[in-house]
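A.B. asks: The structure's right below; bear with me while I get my questions together.
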Amino acid sequence: MTDTLVDSSPLRVVEVGQRYGRKWALRGCSFELRPGAVTALVGPNGAGKSTLMAAAAGLLRPTQGRIEVQGEVVTASPSHPDLGYLAQDKPLYRQYRVREMLEIGRHLNARWDAAHADALVDAANLDRDQRVGTLSGGQRTRLALALVLARRPRVLLLDEPLADLDPLARLEVQQTLMTEVVDTGMTVLMSSHILGEIAELCEDLLVMVGGSITLSGVIDTVLAQHRVLVGPGTGPDGLDFLPEGSVVEVQRAARQTTVLVDRPVGPLPIGWSSSDPTLEEIVVAYLRGGGQGTGR
Amino acid sequence: MWWVSWRQHRVQVMIALVVMAVVALAVLLFQLVLVSRLHALGCTVLTDPSECNSRAAMDAFDENTWHLLRAVLVATPIVLGVFLGAPLFPREFDQRTEVFALTQSVGRRRWWTVKVTVVGAPLVLGLLGLGFGTQWCDGTTWFTARGAMDDGTFQVRSIMPATFGLLALAVAVTAGVVVRSLVGSLVAGLIVAAGVVVLIAFPLRSHLLPTSREITPVDAAAASPTTMPDPVGPYDPGSLYLASGLLDSNGDPISLNAISALCDPSMPPLPEGNPDQQDMDSYNDKYNKAWTQCQRDNGITRNYVDYVPAAMLWPMRGLVTGICVLLAALFLAAGAFRLRAAPRSSR
């Protein structure tokens with residue numbers, strides 16, 4: 001996840017654009033994932049997160065640019081053998097039983113770890129004779145996750161995997177996921193709306209707004225680089241002391257100005273103070289349309 | 001992939017095969033009843049038109065049921081093709097399971113090919129069985145064996161049901177990919193498939209091969225001012241009848257209205273007053289003679305019958321099959337191309 005491309009990136013997105021009619025869902029989208037890292041992809045609804053993941057999974061053919069998985073350019077299906085994709089609504093054949101879904105997974109994949117799938121299903125306490133359509137949201141997510149993980153992917157794309165899950169189910173899925181990441185060292189890209197979830201699970205961050213990446217970096221670095229500056233109420237001229245291009249967001253009240261900047265700032269004028277922002281403050285500022293930044 | 005597709009569509013395939021078996025059974029039962037009735041009348045040789053052609057034998061042939069069965073046989077390939085083809089992809093789109101399938105180790109082309117083959121192969125094989133079974137049944141009596149090129153017979157024998165079933169399937173599969181809703185694709189598939197198949201199977205086929213024309217002298221005794229001559233002549237009764245009538249002095253077909261326009265002025269006037277039967281018989285005799293004379297005077301002395309000879313049965317089957325297979329391939333290619341586009345359900 002850097003501006004400097006490296007050959008070892010498990011997933012690399014290069015200037016990808018995706019157009020639906022006249023509207024661009026993705027435009028000039030570039031980033032790459034660090035091997036073995038869990039990366040959060042954050043953005044408002046309609047930012048293009050699902051489109052990006054679908055394109056990486058081979059479900060869409062990008063209008064512009066290219067996506068590489070393990071160094072190979074993604075084509076329109078079949079999915080790269082090293083890539084696993086879990087769509088947001090976890091589409092499964094609802095009329096079949098859990099046992100049959102596992103069998104379907106085995107038949108549809110060249111690489112299939114049946115023992116691992118069984119272990120994940122057992123860990124989720126899923127009844128193999130229960131029809132998929134009657135499973136709860138959490139159970140269905142865990143079955144879908146078992147089907148993805150049994151492919152033994154090296155890159156895992158999860159499109160809002162924890163959405164619509166109750167807290168207990170969310171915790172269980174998180175545990176399954178993190179165990180898998182630790183055991184296999186796989187690279188994960190996970191889209192999410194829940195900022196608390198990101199802090200718990202992810203090491204790297206991508207913020208997507210309007211189909212483009214506006215912030216990317218290692219979360220600790222992002223936190224270390226950004227600063228919140230608070231000073232007296234002032235007009236635009238009152239921020240001349242800040243380096244050009246460093247301002248992410250400015251919030252003005254009658255007597256106070258709050259500025260988020262993306263780099264350390266030298267000595268502050270009298271009346272100004274500096275503090276560490278929270279991840280939520282940074283992400284929200286970028287989601288509101290703040291500047292372009294990287295953290296490494 | 002084969003196992004998964006079979007697992008997904010086996011119920012529909014089984015239902016289609018059962019329907020074909022029921023239709024085949026109905027054809028067989030009809031024939032068994034007919035044969036039994038003819039045997040009861042003392043007929044022994046049933047396949048020779050010169051044998052067993054009494055009025056009682058004719059009455060043993062239940063024409064209404066025969067026509068009903070022909071209609072069912074014509075409709076079966078279209079209905080089953082649509083029944084199997086239309087839901088093939090809309091169900092996947094509806095549950096978004098195409099996202100699941102296409103993110104496994106299965107490419108779009110393979111997914112498409114296997115699904116179409118899993119329903120298409122049993123349909124075609126079953127309809128081949130139905131077509132050749134119908135042909136065999138029809139051949140057991142001369143009543144049912146005749147008219148191999150006639151409408152309602154040509155379409156239901158030999159390879160033709162399989163041909164039409166394949167085309168209907170292809171149309172319905174593509175309708176499913178384009179329309180993407182189950183009900184919509186069933187309705188659109190049925191309308192388009194029925195239209196295309198009926199167009200090719202009925203009116204179009206008679207224009208595919210060169211026609212033959214038999215010309216015979218007008219039978220003076222049969223000439224009538226009110227009807228055209230029957231389409232009888234030396235042509236093979238197994239041929240496909242297209243048209244018949246009278247030829248003018250230039251050898252061109254002439255309509256009854258055109259003959260009336262020529263001859264009406266020279267026809268004798270109706271008897272005046274209150275003519276009795278004898279007067280009318282005399283008038284009719286004069287009228288017919290005058291009509292025949294008028295035809296002769298105007299050079300209308302020949303009948304014609306246009307037809308496709310019986311020997312052209314297999315060339316016609318081959319041509320119709322070729323057109324249907326080509327159209328099916330085009331429809332399937334269009335559907336496969338449409339499937340390559342972005343799934344609408346992806347956000």
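Derivation of every value follows stated rules applied to the coordinates shown; laboratory data play no part. Just so you know, these numbers come straight off a predicted model, no measurement behind them. Here the Cβ is made from the backbone with ideal geometry for all residues, glycine too, and neighbour counts use every protein chain on show.
A.B. asks: Using helices alone, what [θ] at 222 nm do you get for the protein assembly as shown, with -39,500 (n - 2.57) per DSSP H run of 4 or more residues, divided over all residues and rounded to the nearest 500?
C.D. replies: For the protein assembly as shown, the value works out to -15000 deg cm²/dmol.
A.B. asks: Taking neighbour Cβ counts within 10 Å as the exposure measure, how do A:Ser79, A:Ser275 sort from fewest upward? Walk me through the numbers before you get to the answer.
C.D. replies: Working: A:Ser79 25, A:Ser275 10.
So the ranking, lowest neighbour count to highest, is A:Ser275, A:Ser79.
A.B. asks: While we're on this one: Note down the net charge around B:Asn257, summing +1 for each Lys or Arg and -1 for each Asp or Glu among other residues with Cβ under 14 Å from its Cβ. Don't jump to the answer; show the numbers that get you there.
C.D. replies: Working: positive: none; negative: B:Asp248, B:Asp264.
Its environment carries a net charge of -2.
A.B. asks: Just need log10 I(q)/I(0) for region B:1-150 at q = 0.08, 0.13, 0.14, 0.21 Å⁻¹, Debye formula, equal scatterers on the alpha-carbon atoms, no solvent, rounded to two decimals.
C.D. replies: Result of the Debye calculation: -0.36, -0.68, -0.74, -1.22.
A.B. asks: If I build a Gaussian network model for chain B, linking alpha-carbon pairs within less than 10 angstrom, which residue out of B:Ala101, B:Ala16, B:Ala261 has the largest mean-square fluctuation?
C.D. replies: B:Ala261
A.B. asks: In whole angstrom, and with the biggest value first, how far do the Cα coordinates of chain A range along each principal axis?
C.D. replies: Between the extreme Cα coordinates on each principal axis of chain A lie 70, 40, 35 Å.
A.B. asks: If the label point is 7 Å along Cα→Cβ of B:Val72, which residues in region B:24-38 have backbone nitrogen under 12 Å from it?
C.D. replies: So the set is B:24-31.
A.B. asks: Something else now. At a temperature of 10 °C and a viscosity of 1.306 mPa s, determine how fast the protein assembly as shown diffuses translationally according to Stokes-Einstein, using the Kirkwood radius over alpha-carbon pairs as Rh; express D in µm²/s, rounded to the nearest whole number.
C.D. replies: On the way: Rh = 31.2 Å.
Calculated translational D: 51 µm²/s.
A.B. asks: Just from the alpha-carbon atoms, what are the Rg and Dmax of chain B in angstroms?
C.D. replies: Cα only, chain B: 27.5, 96 Å (Rg, Dmax).
A.B. asks: List A:His116, B:His207 from most exposed to least, where exposure is judged by having the fewest other Cβ atoms within 10 Å. Could the numbers behind the result be given before it?
C.D. replies: Details: A:His116 17, B:His207 10.
Placing the least packed residue first, the sequence is B:His207, A:His116.
A.B. asks: Kindly provide the Kirkwood hydrodynamic radius of region B:69-172 in Å, to one decimal, from all pairs of distinct alpha carbon atoms.
C.D. replies: Working: mean 1/r = 0.0662 Å⁻¹.
Taking every pair of different Cα atoms in region B:69-172, averaging 1/r and inverting gives 15.1 Å.
A.B. asks: Students often check this: by mean Cβ neighbours within 10 Å, which of B:246-253, A:97-104 ranks highest, and how do the rest follow? Intermediate values should be presented prior to the final figure.
C.D. replies: On the way: B:246-253: 13.9, A:97-104: 19.8.
In descending order of packing, they fall as A:97-104, B:246-253.
A.B. asks: Starting from the 7 Å offset along Cα-to-Cβ, what nm value, one decimal, do you get for the label separation of B:His39 and B:Asp94?
C.D. replies: Going by the 7 Å Cα→Cβ label model, 4.9 nm.
A.B. asks: Where Lys and Arg each count +1 and Asp and Glu each count -1, what net charge lies around B:Trp111 among other residues with Cβ under 13 Å from its Cβ?
C.D. replies: Here the charged neighbours net out to +3.
A.B. asks: Sort out for me the Cα centre separation of region B:135-171 from region A:158-195, rounded to whole Å.
C.D. replies: Their Cα centres are 60 Å away from one another.
A.B. asks: Which order results if A:Thr214, B:Thr76 are arranged by neighbouring Cβ count within 10 Å, fewest first? Working shown, then result.
C.D. replies: Values: A:Thr214 19, B:Thr76 24.
Going from sparsest to densest Cβ surroundings: A:Thr214, B:Thr76.
A.B. asks: Give me, ordered by chain and number, the residues 5 or more places off B:Ser239 or on other chains with an amide H under 5 Å from its own placed amide H.
C.D. replies: B:Ala310
A.B. asks: Ok, one more. Along the charge dipole of region A:226-287, Cβ charges K/R +1 and D/E -1, which of A:Ile270, A:Val283, A:Gln251 sits furthest on the positive end?
C.D. replies: The Cα lying farthest towards the positive end belongs to A:Ile270.
A.B. asks: Let me ask something else about it. About the Cα centre of the protein assembly as shown, how large is the charge dipole given +1 on each Lys and Arg Cβ and -1 on each Asp and Glu Cβ? Please answer in debye to the nearest 20. Before the final figure, lay out each step's value.
C.D. replies: Values: 54 positive and 60 negative charges, 279 e Å.
Rounded to the nearest 20 debye, it is 1340 debye.
A.B. asks: OK, next. Could you give me the ³J(HN,Hα) list for region A:173-185, computed from phi with Karplus coefficients 6.51, -1.76, 1.60 and θ = phi - 60°, whole Hz, x at Gly and Pro?
C.D. replies: 5, 4, 5, 4, 5, 5, 4, 5, 4, 5, 5, 10, x
A.B. asks: Estimate the FRET efficiency between A:Ser273 and A:Ala114 by the formula 1/(1 + (r/R0)^6), using the beta-carbon distance for r and 51 Å for R0, to the nearest 0.05.
C.D. replies: Numbers: r = 59 Å, r/R0 = 1.17.
With a Förster radius of 51 Å, E is 0.30.
A.B. asks: Also: Roughly how many debye, to the nearest 20, is the charge dipole of chain A about its Cα centre, given +1 on each Lys and Arg Cβ, -1 on each Asp and Glu Cβ, and no other charges?
C.D. replies: Values: 29 positive and 35 negative charges, 198 e Å.
In total the dipole reaches around 960 debye.
A.B. asks: For region A:226-287, what is the convex hull volume of its Cα atoms per residue in Å³?
C.D. replies: Details: hull volume 5.0 nm³, N = 62.
Output value, Cα hull per residue: 80 Å³.
A.B. asks: With chain A treated as a Gaussian network of Cα nodes joined by springs under 10 Å, which of A:Asp240, A:Asp129, A:Asp89 yields the largest mean-square fluctuation?
C.D. replies: Greatest mean-square fluctuation among the candidates belongs to A:Asp240.
A.B. asks: Along Cα→Cβ, 7 Å out, is where each label goes; now give me the distance between the ones at A:Arg19 and B:Met58 in nm to one decimal.
C.D. replies: Distance between label points: 7.4 nm.
A.B. asks: Take B:Ala311 and A:Phe241, extend 7 Å from each Cα along the Cα→Cβ direction, and tell me the distance between the two endpoints in nm.
C.D. replies: Reported label-point gap for B:Ala311 and A:Phe241 is 10.8 nm.
A.B. asks: Per residue of A:52-60, how many C-beta atoms from partner chains lie within 10 Å of its own C-beta, taken as a mean? Present the calculation step by step, with values, prior to reporting the outcome.
C.D. replies: On the way: counts 0, 2, 8, 2, 0, 4, 4, 9, 4.
The mean count of partner-chain Cβ atoms within 10 Å per residue comes to 4.
A.B. asks: Would you mind checking which residues have amide H under 5 Å from A:Gly217's amide H? H placed 1.01 Å from N; only 5 or more apart, or other chain.
C.D. replies: Answer set, sorted by chain and number: A:Leu205, A:Gly295.
A.B. asks: Follow-up question, since we're still on this one. Scan region A:107-193 for trypsin sites (Lys or Arg not before Pro) in coil per DSSP, keeping those whose Cβ has at most 13 other Cβ atoms within 10 Å, and list them by number. Before the final figure, lay out the partial values.
C.D. replies: Values: sites: A:Arg111, A:Arg128, A:Arg131, A:Arg140, A:Arg142, A:Arg151, A:Arg154, A:Arg170; in loops: A:Arg111, A:Arg128, A:Arg151, A:Arg154.
Answer in residue order: A:Arg111, A:Arg128.
A.B. asks: What is the set of long-range amide H partners of B:Gly245 at a cut-off below 5 Å, with H atoms built 1.01 Å from backbone N?
C.D. replies: Sorted by chain and number, the residues that satisfy this are B:Tyr304.
A.B. asks: Shifting gears a bit: Return the average number of partner chain Cβ atoms within 10 angstrom of each residue Cβ along peptide A:93-103. Write out the running numbers ahead of the final one.
C.D. replies: Values: counts 9, 2, 3, 3, 0, 0, 0, 2, 1, 0, 3.
What the average comes to for A:93-103 is 2.
A.B. asks: Turning to a different aspect of this structure: Determine the sum of side-chain charges near B:Val325: Lys and Arg each +1, Asp and Glu each -1, restricted to other residues whose C-beta is under 15 angstrom from that of B:Val325. List each step's numbers first, then the result.
C.D. replies: Details: positive: B:Arg205, B:Arg317; negative: none.
Around B:Val325, the charge tally is +2.
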